[in-house]
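Engineer: Structure incoming, see below.
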Amino acid sequence: MIGFAIQNRSCVVSRRTTSPAALPGEASTSPSSPPLQIFQESKVSKTPEISISVIPFPGVEGPLKEIENTADFPLEDLRFPFIQLTKKLKEPFKEILIDMFESGCPPIAVISDVFLGWTFDCCDSFGVPRIVTYGMSGLSQALLVKTGIHIEHVLGLWPEDVIHFLDFPTPFPVKRADFVHMKHDPRGSEMFSLIEEITEADLNSWGVIVNSFKDMERKHIPALESLYKEAKAWFVGPLLLSAQIDNEEEDDDGNEDYCPYIDWLDKLLDYCPYIDSFGLEEAAQPFLWVVKSKTWAAPPGWEERVEGRGLVVRSWADQRRILANSKIGGFLSHCGWNSVLEGLSMAVPLLAWPTRADQPVNAKIVADWLGAGIKVLEISDGVEIVGREVISEKVKELMVGEEGRKAGERAQEAKRMAWEAMEKGGSSDRKLNEIIVFGS
């Protein structure tokens, strides 16, 4: 998300959109990825109040040539130069704001990804409020900021030590090891300096949008808001449900394009776990495995042995559509927040396998707090490689074990809360409308 400008109240306001950033007005973004193409072809074509201005991503030579998405990094070390490169979008973005003012329809606010800290200066120079979004839960966001503020204390702890914030009680123990980026002291690095710069812009923002919902996180909202000078936090998710709710209200006929892996799922007799990490053979459960690696090859004879029981997808897959399929009975995930919301919103219990960023905290939210999943292992165990026997055991427990049965029941409850929040008059629906009124 490069930054989105919400136009003033003289423009027609659609009550629901696919994201708060897509409220009527001008939306500026980088070139298309498959999800953005889907958005452009569906919502934009039906909503004339929304227009999109594409800011071309800066062309460079070297490792970042033709890379416009962090998912395409050949090396993780490219994250810092990539974020730095986005600063070249600042001037084109200012031009969009100027055009909006000159057209007589100035923005009432700009919604910006937290990593695009330079949007704060743009907004400040025009007197336009900046609303920031992290793309994670309110709890994870508050903990991330808190640990940054108290970094000296956190770095003085052992990995297994529990971090205590007197003014911010957590629903489960949080350890230093849960913050993988603090495995080593990051101070003095270029990335740490950049994070400090981004955090300053973040904490001076006018508001915070969180893709989560009040019924799940009501105890964390005051703690999150207390980190900011005057900012208010709006919990408006799970935003992924907007399209489903709109389709139900419009009596959508449910017809969708043919998809081979959905067709395969529909023909299954048993429930199947959806795998986005590593596959399984020994668990003896049907499975759908999305392999993101372009170089991975199955061991000789493996695909023949699982034929009919397992399906490997080697291209971009519509994860939401997969999880919405009634044959999906579990989801092995690294627990990025979007994946967590997609799974729980479809009542799919998760097998949590976190590796970095906010994933360890998300895994604890799912398994330790909501009880809607099972952890593969504790991130604090320091295990670099997980054996196939562990995956096999955990998949069987999730699919046919007592713990998995309970996780499925809790996932159903999470789905109920999520849908109620997004329905007309629900907490997230009200907050989405409140942003417009508050900004106007």
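The values are calculated or read from the model by the stated rules, or taken from the named source; none is laboratory data. All values reported here derive from a predicted model rather than from experimental measurement. All Cβ positions, even for glycine, are placed from backbone atoms using ideal geometry, and neighbour counts span all protein chains on display. For the accessible areas, the whole protein counts, side chains as well, though only heavy atoms, and no ligand, DNA or RNA atoms are used. Shrake-Rupley method; radii C 1.70, N 1.55, O 1.52, S 1.80 Å.
Engineer: At 7 Å along Cα-to-Cβ for each site, give me the label-to-label distance between Lys90 and Trp369 in nm.
Structural biologist: Each label point is offset 7 Å from its Cα along the Cβ direction, giving 3.5 nm.
Engineer: At R0 = 45 Å, how high is the FRET efficiency between Ser103 and His184 if r is their beta carbon distance? Nearest 0.05 is fine.
Structural biologist: 0.35
Engineer: Accessible area per residue, 1.4 Å probe, Å², for segment 78-195: what's the number?
Structural biologist: Heavy-atom SASA per residue in segment 78-195 reads 46 Å².
Engineer: OK, next. Could you tell me what percent of the accessible area of segment 336-440 is made up of carbon and sulfur, with a 1.4 Å probe and every protein chain present?
Structural biologist: Ligands and nucleic acids excluded, carbon and sulfur reach 48 percent.
Engineer: For a quick check of understanding: with a 1.4 angstrom probe and all protein chains in place, what accessible area in square angstrom does Val400 have, to the nearest ten?
Structural biologist: Per-residue accessible area (Val400): approximately 100 Å².
Engineer: For the residue pair Glu378 and Ser326, what label-to-label distance in nm results when each label sits 7 Å from Cα along the Cα-to-beta-carbon direction?
Structural biologist: In this crude label model, Glu378 to Ser326 measures out at 4.1 nm.
Engineer: In percent, what relative contact order does segment 39-118 have, based on Cα pairs under 8 Å that are 6 or more apart in sequence?
Structural biologist: So the answer I get is 23 percent.
Engineer: Moving on. How about segment 327-436: which trypsin sites (Lys or Arg not before Pro) there lie in a loop by DSSP and see at most 15 other Cβ atoms within 10 Å?
Structural biologist: Arg356, Lys424
Engineer: Which value, in Å² rounded to 10, gives the accessible area of His164 with a 1.4 Å probe and all protein chains present?
Structural biologist: Spelled out: His164, probe radius 1.4 Å, area about 140 Å².
Engineer: Suppose R0 equals 25 Å. What FRET efficiency, 1/(1 + (r/R0)^6) with r the Cβ-Cβ distance, do Val154 and Thr355 give to the nearest 0.05?
Structural biologist: The computed FRET efficiency comes out at 0.80.
Engineer: On to the next question. For Trp337, tell me the accessible area in Å² from a 1.4 Å probe, rounded to the nearest 10.
Structural biologist: 10
Engineer: Taking the alpha-carbon distance from Lys327 and a cut-off under 23 Å, which lysines remain once sequence neighbours fewer than 8 residues away in the same chain are dropped?
Structural biologist: Counting by Cα, and skipping residues close in sequence, Lys327 has these lysines nearby: Lys267, Lys292, Lys375, Lys394, Lys396, Lys406, Lys415.
Engineer: State the extension gain, in nm to one decimal, for the chain segment bounded by Arg416 and Val60, taking 0.36 nm per residue of separation less the distance between their alpha-carbons.
Structural biologist: 123.5 nm
Engineer: Can you figure out the FRET efficiency of Lys232 with Ser392, using R₀ = 35 Å and their beta-carbon distance, to the nearest 0.05?
Structural biologist: The pair Lys232/Ser392 has a calculated efficiency of 0.15.
Engineer: Related question: Length gain on complete extension for the stretch Arg314 to Phe73, per 0.36 nm per residue less the alpha carbon to alpha carbon distance?
Structural biologist: Between Arg314 and Phe73, full extension yields 85.0 nm more.
Engineer: What distance in nm separates the two pseudo spin-label positions at Leu166 and Lys267, each 7 Å out from Cα along the beta-carbon direction?
Structural biologist: 6.5
Engineer: Separate question: In nm, what is the difference between 0.36 nm times the number of residues separating Asp121 and Glu49 and their Cα-Cα distance?
Structural biologist: 23.2 nm
Engineer: Within segment 63-219, count lysine pairs with alpha carbon atoms under 27 angstrom apart where the residues are 8 or more positions apart or belong to different chains.
Structural biologist: So the count works out to 12.
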